[in-house]
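Structure first, then comments.
The values are calculated or read from the model by the stated rules, or taken from the named source; none is laboratory data. Note that the structure is predicted; figures quoted are calculated from it, not measured. Neighbour counts run over all protein chains shown; Cβ positions are idealised from the backbone, glycine included.
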Ligand SMILES: Cc1cc2nc3c(=O)[nH]c(=O)nc-3n(C[C@H](O)[C@H](O)[C@H](O)COP(=O)(O)OP(=O)(O)OC[C@H]3O[C@@H](n4cnc5c(N)ncnc54)[C@H](O)[C@@H]3O)c2cc1C
Ligand code: SF4
């Protein structure tokens, strides 16, 4: 829990954050974003600072399994939540299927946006599994991840190198590998990219 | 950013009390607008009262057949709710057309309604702006106003309200429930927002200590179910609207319009309910010519500036396209 001054005068708090399955106690200025807490205080520099205004997605992490922009979250508000960063996705030496798909598809150039892209894609797969629609999902029927769906759902992650042509198939590969669940079909065909 | 204190509110009344006791305090929802504005120096609260741990996160049916949406419900949960998708498609579509997957997971219903304008001068503390610093002037009028208002603006401010969600709520006649220093009350969404008039610093009629606790969506009717949200923007996704429309339509057995609901986004200081177009259409045939005539009537009141004059025709086209789709007729 957070220890805050009862008269709410203090501008710092001592708090515990649960990151990648480990608990950390930190004394933080309330201004500290979750992104800065991860990078500057916990040494987890996988999550990247791009715009610091929620516009680029490089800072994407998972909060209780949902993708969010760590730059616009104040660390003090993440108390009691399970935070997963790109460092926490692999199972020992075994990469997460999304990480593996990004490597197999060469889905990056400089790599700066990649941790955010990967965390976002993990979130996308969970959202699709829950049947969440996107702006391009037809009103009737379930969610079928195809190229248009992935482009729409991943639009919060910008890639200045323009590696989208490989990111989209990587996400679809991971979807196909991870989601044999009913109601979700993936439909990406080689050579169909725009 | 200036240092600030932080407190987690445990009950709505307590949250309101914390704000009335401390004039420099603000409620914190998902933080996607407020934290951004704090980083830009536009907002500098002394105390943030976190309202996301109040139990305002439910979507539940009301006794009268409507739906009550807690102010803490995240935009993504509301957009995905099967009842909302089936009974009020325009609402789900408006939410899904806004921001990104990440931001929708953070943004709350209350915070979405009270997000501030994206006018570039408002967001830049080195520039004058009547909304941010009353009396300093409005550089947008002669400067960057391509994205700003064409309807209901004043000489003091031509800002637009950026929310997509609020546009659909305006078309649905939603109501906003509030807990304030003087107790509980409810307001029609249309009465929540103000025109800029002489005092653009106030976006809404709310007191700073008024907490939005819920949004009430009326009982679903045909013009709610047969509805859609259409958004024009500079890129296919993840961009604010340059123009948008939330529309709902129901037809009588003889093919005439029995009910029509139209609200425009990105054209005014508030979601713009197109009442003139609605009354011109009711009882008339659902044809593209009628839609065009009504759209022109609504936009006749527009007072565009050189760089946003395109919004007049854009908004007319959005109305005609949306209603033609809902009526199942070919656009003229
Ligand atoms: C890059 C980017 C792109 C975006 N694109 C779009 C878009 O295309 N369409 C769109 O509609 N929006 C867009 N948004 C805006 C986004 O929808 C809003 O920032 C969000 O909805 C605000 O909700 P929040 O809970 O994060 O609010 P906060 O930032 O927490 O709060 C916003 C304001 O509301 C007040 N507040 C919060 N909760 C309450 C309450 N319960 N009662 C009273 N006051 C309250 C706060 O004090 C603050 O003044 C975008 C934002 C970003 C950063
Ligand atoms: S339009 Fe409004 S918000 Fe923009 S500069 Fe003018 S006064 Fe400020």
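Couple of notes before you dig in:
- Members of the stretch A:106-157 that are under 22 Å from residue B:229 (Cβ atoms), assigned to a loop (DSSP other than H, G, I, E, B) and within 16 Å of ligand 1 (Cβ to nearest atom): A:134, A:135, A:136, A:154, A:155, A:156
- Of the criteria (1) within 15 Å of ligand 1 (Cβ to nearest atom); (2) surrounded by fewer than 18 Cβ atoms within 10 Å (Cβ to Cβ), which one residue B:64 fails: (1)
- Among (1) at pLDDT 95 or above; (2) within 18 Å of residue B:110 (Cα to Cα), the one test that residue B:55 misses: (1)
- Taking the criterion of being at the interface with chain A (Cβ under 10 Å from one of its Cβ atoms) and assigned to a helix (DSSP H, G or I), the residues of the stretch B:1-36 that qualify are B:18, B:21, B:34, B:35, B:36.
The rows are residues; the columns are (1) assigned to a loop (DSSP other than H, G, I, E, B); (2) out of contact with any strand residue (DSSP E or B) (no Cβ under 9 Å at 6 or more places or on another chain); (3) surrounded by fewer than 19 Cβ atoms within 10 Å (Cβ to Cβ).
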site: B:117; (1), (2), (3): yes, no, no
site: B:124; (1), (2), (3): yes, yes, yes
site: B:135; (1), (2), (3): yes, yes, yes
site: B:140; (1), (2), (3): no, no, no
site: B:146; (1), (2), (3): yes, yes, yes
site: B:149; (1), (2), (3): yes, no, no
site: B:160; (1), (2), (3): yes, no, no
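- Test result for residue B:315, in contact with a strand residue (DSSP E or B) (Cβ under 8 Å, 6 or more places away or on another chain) and either assigned to a loop (DSSP other than H, G, I, E, B) or at pLDDT 95 or above (or both): yes
- Residues of the stretch B:37-52 that are in a loop (DSSP other than H, G, I, E, B) and either near ligand 1 (Cβ under 9 Å from one of its atoms) or within 14 Å of residue A:74 (Cα to Cα) (or both): B:43, B:45, B:51, B:52.
- A residue that is more than 15 Å from the chain's Cα centre (by Cα), within 14 Å of ligand 1 (Cβ to nearest atom) and more than 7 Å from every other protein chain (Cβ to nearest Cβ) occurs nowhere in the stretch A:8-30.
- Scanning the stretch B:37-47 for residues that are within 11 Å of chain A (Cβ to nearest Cβ) and touching a strand residue (DSSP E or B) at 6+ places or on another chain (Cβ under 8 Å) gives B:45, B:46, B:47.
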